[in-house]
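One structure is given below, encoded as structure tokens.
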Amino acid sequence: MNFLRNKPIQYLIVALICMIIPLVFKLQQSTMTMLNLAVIYSIIALGFNILLGYAGQISLGHAAFMGLGAYVSANMVSQLHMPFLLSLLVSGLVPMLIGLLLGMVALRLEGHYLAIATLGFGVAIQQVFKEWISFTNGYSGMTAKFPTIFGINFRSREYYFILSITVLFLLSVFAYNLLKSKTGRALIAMRDSEHAAQAMGISLFKYKLVAFALSAFYAGIAGSLYMHLIRFTEPNQWGIELSLNLLAMVVIGGLASIEGSILGAFFLTLVPELIKEIPFLQNIKNVSSIFTGAALILIIMFFPYGLARVGTQLKQSLLSKKKKEQLT
Amino acid sequence: TNQEGNTEVTDTANNEQEEAEENNIELAQGVKEDSIKIGTVGVQSGPLAFIGTPYFAGMEAYFNKVNDNGGVNGRKIELIKKDDEFNPAKSLQAVESLIYDEEVFAIVGHLGTPGVMAAVDTVKEAGIPSVYFGSGAVQLTQAGENFFPVQPNYVYEGKLMAKYAVEHFKANNLVVIYRNDDVGRDGLKGVEEGLKELGKSDILKSEGKLAYNSGDTDFTVQVQKAKSLNPDLIIIYGLSTGTAGVLKEIEKVGFDVPMLTTYSNADASFLAIAAPGAPNMIKNLHVMGWLDVTEESLKPLNEAMKKYFPDAPVNAYTMAGWVAAETFVAGLKEAGDNLSWEGYIEAMNHLNFTEGLAPEISYSPGVRQGVTKMAISKVAQDESGNFYFELVSEFNEFK
Amino acid sequence: MKILKVENLSISFGGLKAVDNLSFEVEENSIFGLIGPNGAGKTTVFNCISRFYTPDEGRIIFSPLTNTDDGESRAEYNLLDYKVHEIIGKGLSRTFQNVLLVKHMTVLENIMLGEHSTTKGGILSQGFNLPIVCKEEKRIREKAFEIMKFLGIDDIAYQLAASQPYGVQKKIELGRALVSQPRLIILDEPAAGMNHTETEELAELITKIKNEFGITILLVEHDMGLVMNICEEICVINFGKKIAEGTPEEIRNNPVVQEAYLGKGEELNA
Amino acid sequence: MLKLRDVNAYYGYVHALKGISIDVEEGKIVSLLGANGAGKTSTLKVISRLVSVESGIIEFQERNIKNYSPEQIVSMGIVQVPEGRQVFPQLTVKENLMIGTFTRKDKDNIPNTLDKVYTYFPRLKEREKQIAGTLSGGEQQMLAIGRALMAKPKLLLLDEPSLGLAPLIVKDIFEIIKEINKEGTTILLVEQNAFQALQISDYAYILETGKIVHQGRANQLISDQNVKKAYLGA
Amino acid sequence: MEILFQNIIAGLETGSLYALAALGLVLIFRTQDVINFAQGEMAMFSSFIALKIWQNNMPYPVAFIGAIVFAIVLGFIVERLFIRPASKASLVSKMIITLGLIMIIDGLAAAIFGIDSHYFRKALTFDNLNVGGVIIQPNALFIILITITIMAILFYLIRKTIFGIAIRATAQNETTAKLMGIPVSKFYSLSWVIATVLGAIAGVLIAPTTNVSTTMMMEVHLKSFIAAVVGGFSSFIGPVVGGFIIGILDNLVGMYISLKWKTVIVYGLLIFVLIVKPNGLFGKVQRKKV
Ligand SMILES: Nc1ncnc2c1ncn2[C@@H]1O[C@H](COP(=O)(O)OP(=O)(O)OP(=O)(O)O)[C@@H](O)[C@H]1O
Ligand SMILES: Nc1ncnc2c1ncn2[C@@H]1O[C@H](COP(=O)(O)OP(=O)(O)OP(=O)(O)O)[C@@H](O)[C@H]1O
Ligand SMILES: CC(C)C[C@H](N)C(=O)O
Ligand SMILES: [Mg+2]
Ligand SMILES: [Mg+2]
């Protein structure tokens, strides 16, 4: 059973279970759409966590990358009639190139200044979406089709779920491998002490670019998957609100944690919808927003290291209590 | 665009048709002996809730009234409401939930262009009747036989504004200040098209097209530019806050010129925020209208609102919701007991509804224009200083 | 043979000349001390050598022995041509006056960080966990353990670096500098915060590093016991200028140094 | 003046202080010695109420201060020079010094104290307007000590004041400590430089892994062969 | 020429609204290193209080003071209830708390006050001045004046008094600040209270321009961030000048370059300014010492 300790294998098992559940138990279609969305947000959150959690670089403009991925992929599939898989890859690569630009900005800026510069970047890109009609169809919005891979059409929400989980799984394993080796150490070192990192031979230039490029890549992939699930997009979606939501996902899920990114994304996608379903709350206006806000705050107060580390945190406090008792 | 999708859909549609032929009293989903379940989707929370909330209230008020009077053919109408937060993905999710999980008979009054557009394919593939869209998107007139848009689309309204500009205002020099988004851009496009068809393209120069952004608070540039062009009419194609902001600036610099704005602003709540900031210049303002807003015809709405939602305001959005419900029920009455989807669509194809707030709503096979007649009203002031709209033209069509 | 030559180095901050036309040379495989009163400019010199600062004037030449295919050869680098992160790859590593460990890493990971520049494998091969990456990880891990054993901190390999006492943190930093297989290590006050016994251990350790690994050591330190004990040559600076240079014995008895820095002889040995 | 009885403290589940009892008499200099990680800093933090105590008694001038907040401790006259020169890096030297006077009531005497600190550390006067973060290590240490002196404390807690200071200045520091002690400030001193610390102290405690293993009059400890071997070096 | 001046004057007025909103933001940033995303929402809530008082036929000054009193309470409660319990959380986590606050405050405001926009009067309602064809509203001058006064007071407080030094020290190193006897937690309360009051003042003065509604501060708030960053977070003059610059730039770009692309251009300029001066126009550049 030793191989079960291998993280990628654990991921694989979880992924397989998740794929099978909807096939066995028929879930409602809208629920499946929501779960698909949660998986897609997990992908962008994962990329964003590499940036924020590991590399310590903030961005408040990441929604723009997801939007870019969505538009690139819609154009490639619908206008250029490219195969979906190729489009998926390209819709990761294009934002990645733009991500490099943002990385350059990050070389000069820190902390809150970086936050605002990236926010400005996001707003500017969003504005480009609004004005560049030939690429985005402006406010009228862009439509897309369900993807076809090797002749199989992913119109059913269950099949689509298999597709999105597969992508999430692959990207999680990639992230895991990367973060446990040289790059991961370099990013963390850069986050904790730029001086120490530099002295150890870590090029801030290289690793800031790597972090921004990777996270933009993940965002673009998520955008493409979103586009072919919802089959419609328009510029207003890719604004600050989504970028801030993303930030919230990663923080409450757990910074610098792959599982945390996924937990956070699921939390912020599902919880507001579930709250709306609670019968006796339905008459209160804006319950969902109020309760989601409260939940966010409570999680940070009680589990400052995020949902992913709730277990460890509880274990530790129990342990310290026990040890103290033993000692006194 | 969607090859595979389409064939499959026609397949299922065929199946249903066959079933219906075999068994004539087969009712569509959502229809029961004494009830009929329908759904609606719109924004109820977040920054745009000010649109969706009164809109839903208007709809509910009408359905409540119908139900209190015994329903339609003995069937009470059960309305399922979904909040999409103006997010297209959530809107799609809501529509899916209504069609496949709640299994409603029809979607009524789906609100918000992005959400409507995101769900177009799904609604089309399902074949479910969708009546009234809280959207001025022009694409809906071509979306399919099961789509029944009602409110004028922005492009059409723009065209009609051009016509009024030329015929009513005798304008020779026009300026358009528009909200730089789907609403304003479609409106501007309409004005341009209208002028072109009227052979008057020269009265709107490219310097005369002035955009503002939805969040703008400072309209100095737009008003200064407009002023320097010396126009004889300004069309303001924007929603309430922006339009009020423009008016305030116009008041500030004392710019005395006739103005025309969209039907979205044709209600008292707009006057309430715009008038105090521009007490003089607002009297130059004209609004388009597609509804008959005389006290007389508003009476049922006002009464129903007083009864069911005493605290809610009655504004353009309430009226829109009311019309959505009216239109759906009109179709329902027309269809009688033939409550399959085909039956309803068939009935709507012959609808000519004239008893409602809108002067006339009619469809025929292949024609999904919705409302085409609009009139203009001017802002006036009564003795006690209150502002109100005064109808100053007939209901006209473009052409 | 000189491994490091600092020539006419000057740097100023605002109006303050922190280092003023300073030159000194460090003999290969020796322990060289750079001492001087507080604010004399020692850390600033280190920061210039490790390229955190760019001097206003002067040159810094680093000429380590490098292993090439056909035996050892001597390279010559003008350090001012390189960026901070390129220095360690040339065979020069450093520690910091205010210990700079990566707080959220274990001791082991901190030390592995020192091997960053010698680890092979690109982003993609790491992401796909190619065999070369596994092999490299294994190699640097073993190397890290070797160093930790040498320093006697292998038992805390998996603990967080930040919760270690100050003295241990200094050792971890030393290990991190050592693991990159440098030819020259520059140490900024390694004994600060250590007590007498610990300082003696440190002295042994530094000598051992020199002897066993053949690494040259350039040292800034205020603990005169340590400096006099292990340094072969000492350069004394004050106000950024060199005021004396020589063997410990010469320095100890130099009146200028006594006046500016040491105080009278007897107090020294206390 | 200060009394600790059987104090236990934890970091998470690390038992850092295991039943520490210490007395500091008014007007005296008391040293706290021990190897790395023995718990010296933790003891000072417990007194300043930065680390919470699990059990035990902390009294200052007969008052139980266990539930006081750090700022209350300071206003009672206990001021600490923290380990590792914790200056405020973005403030100027002068501003750092002024922070020291935050709780002082006798605002009129502040210029005097400032003059005094400047005579102790002339370098600080030269650098009055420099941003503290750019000072050299030793200069920062001087600043940290000077800042505490600005508060005119009744009890001064010094955590390794000689850290990173040049030999001449170290000598000065111990002179300064003696001097302010003479002027009425009681001192609790943590030092690695044990020999010099004992020379100016009246009494000393030796800590090992969170426990007090030796204590006694300073001059006795200096001559105690065991202590000398284990803690002071030959 | 008149048009140019008209645009600049209007830009100054709008800019001072951004600046006013930014001052509260910067204050909290300076004391706690936290960016308070909810600053705008808190200001919105206070503005509603003023509106309600005014709508109940109370005189304008009463409404104004009512909003300020409310803001004092609100700032205190928010700090005690939401920020302090999370004192151990990281800085980004605190940012998320303020995001959560947005959701709560927005939700509550909509539930309590409804979702409609309301007209609110100006502080000064004298007739407009006409200076050589340029029309100036006395109210605009009043707003600009208030902004500069508040800026000056804050500047003095932070730069010159022992409290100011203590506030800055606390932001740099909380633990050591405590060791110096600074009542850190009281300072935090106080800075939230002051910041919320500043927000309320901004809100009440902005209301005549944006109308009072749950969304009234959205755009202003965003611009105020940018103002703070362009000017530099490390001073109080910076954000004010930053606000003026953005207000004027917005108009000039719209006037002379393009109304449609002005957002892209202004944000592009912002990023450019930051790249050239990474600490903002008034921020100090510091060589970090190792
Ligand atoms: N970035 C800077 N800006 C201004 N002054 C600086 C800067 N860096 C160093 N200094 C000044 O330059 C002088 C030399 O500092 P440096 O840190 O090199 O001293 P040092 O010899 O290492 O002293 P110590 O033994 O106390 O660590 C000091 O007086 C310091 O205040
Ligand atoms: N923040 C912390 N988290 C966990 N453990 C800690 C923390 N701070 C100190 N410790 C542990 O508590 C013990 C006592 O530490 P303390 O800093 O008091 O020692 P010290 O005697 O001051 O040592 P030094 O001479 O190195 O300053 C040590 O084992 C240390 O590892
Ligand atoms: C006027 C409203 C009923 C419609 C809304 N403005 C929309 O975008 O679709
Ligand atoms: Mg130094
Ligand atoms: Mg200590």
Practice prompt. Treating cross-link reach as a plain straight distance, find the lysines whose alpha-carbon is under 22 Å from the alpha-carbon of B:Lys307, omitting any fewer than eight places away in the same chain.
Written response: A:Lys285, B:Lys65, B:Lys76, B:Lys81, B:Lys299
Worksheet entry | Largest to smallest accessible area among C:Cys134, C:Cys231 [probe 1.4 Å] | C:Cys134, C:Cys231
Worksheet item: Hey, which lysines would be in cross-link range of B:Lys248, C-alpha to C-alpha under 18 Å, not counting anything within fewer than 8 residues on its own chain?
Response: B:Lys225, B:Lys227, B:Lys283, B:Lys378, E:Lys122
Item to complete: Please name whichever of C:Val179, C:Ile217, C:Pro190 sits farthest to the positive end of the charge dipole of the range C:157-231, dipole taken about the Cα centre and charges placed at Cβ: Lys and Arg +1, Asp and Glu -1.
Response: C:Val179
Fill in: Protein-protein interface of the range C:83-105, residues with accessible area decrease of at least 20 Å², isolated chain reference, 1.4 Å probe
C:Val84, C:His85, C:Ile88, C:Arg94, C:Phe96, C:Gln97, C:Asn98, C:Leu100, C:Val102, C:His104, C:Met105
Worksheet item: For chains A and C, what's the summed buried accessible area, probe 1.4 Å, to the nearest 100 square angstrom?
Response: 2500 Å²
Worksheet item: What dipole magnitude, in Debye to the nearest 20, does the range C:12-170 give about its Cα centre under +1 on Lys/Arg Cβ and -1 on Asp/Glu Cβ?
Response: 520 debye
Fill in: Interface burial for E against B (accessible surface, 1.4 Å probe, total of both chains, Å², rounded to 100)
2600 Å²
Response to the item:
Surpassing 19 Å at the alpha-carbon level, of the pairs D:Lys116/D:Lys182; D:Lys154/E:Lys160; D:Lys152/E:Lys160; D:Lys211/E:Lys88, are D:Lys154/E:Lys160; D:Lys152/E:Lys160; D:Lys211/E:Lys88
Worksheet item: Dipole of the range E:20-217 (Lys/Arg Cβ +1, Asp/Glu Cβ -1, origin at the Cα centre): which of E:Val131, E:Val26, E:Ala67 lies farthest to the positive side?
Response: E:Val26
Item to complete: For the range A:162-295, with all protein chains present and a 1.4 Å probe, just round the carbon and sulfur fraction of the accessible area to a whole percent.
Response: 68 percent
Response to the item:
So the carbon and sulfur contribution to the accessible area of the range E:20-217, 1.4 Å probe, in percent, is 69 percent
Item to complete: Mind grabbing the accessible area of C:Ile230 for me, 1.4 Å probe, Å², rounded to tens?
Response: 20 Å²
Worksheet, complete the sentence: Note on chain A: C-alpha Rg/Rh, Kirkwood Rh, two decimals, gives 0.98
Discussion item. Please report the accessible area of A:Glu131 (heavy atoms, 1.4 Å probe, ligands and nucleic acids excluded) in Å², nearest 10.
Written reply: 20 Å²
Worksheet item: Roughly how much accessible area, to the nearest 100 Å², goes out of reach of solvent when A and B pair up, both sides summed, probe 1.4 Å?
Response: 2500 Å²
Item to complete: With all protein chains present, calculate the accessible area of B:Phe133 using a 1.4 Å probe and round the result to the nearest 10 Å².
Response: 10 Å²
Worksheet, complete the sentence: Among residues of the range D:156-194, a drop of 30 Å² or more in 1.4 Å probe accessible area, assembly relative to the chain on its own, occurs for D:Leu163, D:Gly164, D:Ala166, D:Pro167, D:Leu168, D:Lys171, D:Gln192
Worksheet item: Under a 1.4 angstrom probe, counting protein chains only, how are C:Cys235, A:Cys18 ranked by accessible area, largest first?
Response: A:Cys18, C:Cys235
Response to the item:
Magnitude of the Cβ-charge dipole (Lys and Arg +1, Asp and Glu -1) of the range E:20-217 about the Cα centre, nearest 20 debye, reported as 600 debye
Worksheet entry | Net charge dipole size for chain B [Lys, Arg +1 and Asp, Glu -1 on Cβ; Debye, nearest 20] | 1960 debye
Discussion item. Looking at the protein assembly as shown only, what percent of DSSP beta bridges run antiparallel? Nearest 5 please.
Written reply: 50 percent
Worksheet entry | For the range C:37-196, share of DSSP beta bridges that run antiparallel, in % to the nearest 5 | 70 percent
Worksheet item: Sorting A:Trp238, E:Trp261, E:Trp54, A:Trp132 by accessible area (1.4 Å probe), largest first, what list results?
Response: A:Trp132, E:Trp261, E:Trp54, A:Trp238
Discussion item. Can you compute the radius of gyration and Dmax for chain B, using only the Cα atoms, both in Å?
Written reply: 21.6, 72
Discussion item. Just to confirm, what accessible area per residue do you get for the protein assembly as shown at 1.4 Å probe, in whole Å²?
Written reply: 37 Å²
Worksheet item: Taking the Cα centre of the protein assembly as shown as the origin and placing charges on Cβ (Lys, Arg +1; Asp, Glu -1), which of E:Val276, B:Val253, D:Ala218 is farthest toward the positive end of the dipole?
Response: D:Ala218
Worksheet entry | chain A: calculated mean residue ellipticity at 222 nm from DSSP helix runs of at least 4, using -39500 (n - 2.57) | -24500 deg cm²/dmol
Worksheet entry | Residue-averaged 222 nm ellipticity for chain B, from DSSP H runs of 4+ at -39500 (n - 2.57), nearest 500 | -13500 deg cm²/dmol
Worksheet item: Looking only at the range E:218-236, which residues have a backbone nitrogen under 20 Å from a spot 7 Å from the Cα of E:Leu269 in the C-beta direction?
Response: E:219-233
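The values are calculated or read from the model by the stated rules, or taken from the named source; none is laboratory data. Quick caveat, the model's predicted, so the values are computed rather than measured. In this analysis, Cβ positions are derived from the backbone assuming ideal geometry, glycine residues included, and neighbour counts consider all displayed protein chains. Just the protein is used for accessible areas: all its heavy atoms, side chains included, with ligands, DNA and RNA removed. Shrake-Rupley method; radii C 1.70, N 1.55, O 1.52, S 1.80 Å.
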